[in-house]
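Every number in this text was worked out from the coordinates using simple rules, so none of it is lab data. Keep in mind the model is a prediction, meaning the values are calculated, not measured. No Cβ is skipped: glycine too gets one built from the backbone with ideal geometry, and neighbour counts run over all protein chains shown.
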Amino acid sequence: MTTSPSQIDAWRTARSEHQRLEFKEAKTQFDNRKLYKYCVALANEGGGYLLLGIEDAPPRKVVGTAAFNDPVEMAAKLFQTLGFRVEIEEVLHPDGRVLVFHIPSRPLGTVYDFEGAYLMRAGEELLPMSEDRLRAIFAEGQPDWLSQPAMKACDDDRVVQLLDTQSYFDLLDLPYPVNRAGVLERFESEKLIERDSEGWTITNLGGMLFAKKLEPFERLARKAARVIVYEGTNKLKTKSDRPDSKGYAVGFRGLVEYINGLVPSNEVIEQALRREVKMFPEIAVRELVANALIHQDFTETGMSVMVEIYEDRMEISNPGKPFISPDRFIDEYQSRNERLADLMRRLGICEEKGSGVDKVIQAAEAFQLPAPDFRVGEKRTSVVLFGHLDIEDMDRNDRIRACYQHCCLRYVMNQRMTNQSLRDRFKLPESKVATVSQIIAATVEAGKIQLADPSQTSTRYRNYVPFWA
């Protein structure tokens, strides 16, 4: 374990801090309790590095630290307090002394705590782990929900009768095997089915993705996505309520087409020609439905993915809380169901690289819609797509959310948000500079964005980055 100054410089170039890398200035000292919390949180995230003596804002200048003059003694305190060993390395960087804390990963199926709190990283914050995250960790090493049986004791005919094997090969653009044995062998290799002494077992993964109909699978039928249309802007009167009957992979295209067919249209006039435009961008609906299916917590019972369409908005929700803060959806990605996400990526349903939310925000800006609102409840995660609103009709929260998301989108595109770019986002003329400046100031005050260069005094050349950048 030897960290070189060049390794420290490489870490400093990271686009942002993340679950396994943390910088702290700590020129003279660093609070012991805060250190304990960071060690626990990083260990719970799989281990990582805490570096003292480096500014946490880019370009992350090395300032040196005088904290913990006796690293050996501090390492002993950490072990006595936390119960796991953290190696502390003193690195003499050309610009100053840096302390590197090498934090190990928690053991499989175990979560560390400090004073009873199971901590994790969420953006810049340390927060207690959610119930579903703890449940997932405690279940590590056991067969996950997708590996569990959906139906046992199936013969070859029964498997082909229940699962849409043709769609699997069509979606992957592969030739259909010349015999049934080749089909079953391929499905077994994907862990969609498993052979045992009684025949074939169709796994939850196989049924959830490729069931011709979900009803024969008792455990899976309640996981079918529901599409509900309400009359007006509340839940008082339901116009239609339809569960999707097919597996996610074989039914995805039809599901999205069905939803888009229900979305209200607006009539617009362009160059004296009238045309109908859907209230919500089709790509946004597609990406959000895919995300909801992939990131749901399958262990939550009696709940399913829901698409609720109102007169003025659409709400898409899935069971479970996210592993990362909604503020970081645009720049970070952590899949709850990795095998499901991998297979759906290969089937062309999702990209599994965190770009889905980028596309949603880009589409909302192109359609001049209010920014999508990502919400986390007790048992569900939801996103709300709103119908068109002029900026004069947006409230303070709408404007701040739009400004923050625009700033994030620019940042992940290696650009900076400016007054001009935000005016372009709202399609506002130069005469509205003051209005946009007020929106930016409110977003700064809310702690969502910050000046990219705090020393810049000219308002004309100011540009902004997200708070976490």
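At a glance:
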item: Electrostatic dipole magnitude of the chain [Cβ: Lys, Arg +1; Asp, Glu -1; Cα centre; debye, to 20]; result: 520 debye
item: Cβ-derived FRET efficiency at R0 56 Å, LYS239 paired with HIS102, nearest 0.05; result: 0.45
item: Cβ crowding within 10 Å averaged over residues, with 228-238, 340-350 ranked highest first; result: 340-350, 228-238
item: Antiparallel bridge percentage (DSSP; both residues within the chain; nearest 5); result: 90 percent
item: For region 391-466: Kirkwood Rh in Å [reciprocal of mean 1/r, alpha carbons]; result: 12.3 Å
item: Whether region 332-469 is rounded, prolate or oblate, judged on the alpha carbon gyration tensor where a/c under 1.5 counts as rounded; result: prolate
item: Extended-chain gain in nm, criterion 0.36 nm per residue less alpha-carbon gap, THR28 and ASN260; result: 77.7 nm
item: Positive-end residue, the chain charge dipole about Cα centroid, Cβ charges, pick of THR203, VAL72, ALA225; result: ALA225
item: Net charge over other residues, Cβ less than 11 angstrom from the Cβ of PHE252 (K, R count +1; D, E count -1); result: +1
item: Peptides ranked, highest mean first, by Cβ atoms within 10 Å: ranges 448-455, 200-207, 416-423; result: 200-207, 416-423, 448-455
item: Cα-only radius of gyration and Dmax that characterise region 1-103, units Å; result: 12.5, 35
item: Whether region 131-192 is rounded, prolate or oblate, judged on the alpha carbon gyration tensor where a/c under 1.5 counts as rounded; result: prolate
item: Estimated FRET transfer efficiency when R0 is 30 angstrom, pair ASN179-ARG253 (beta carbons, to 0.05); result: 0.60
item: Cα gyration tensor shape for the chain, rounded if a/c is under 1.5, else prolate or oblate; result: oblate
item: Net length gained if the chain between GLU392 and SER455 were fully extended (0.36 nm per residue, minus Cα distance); result: 19.4 nm
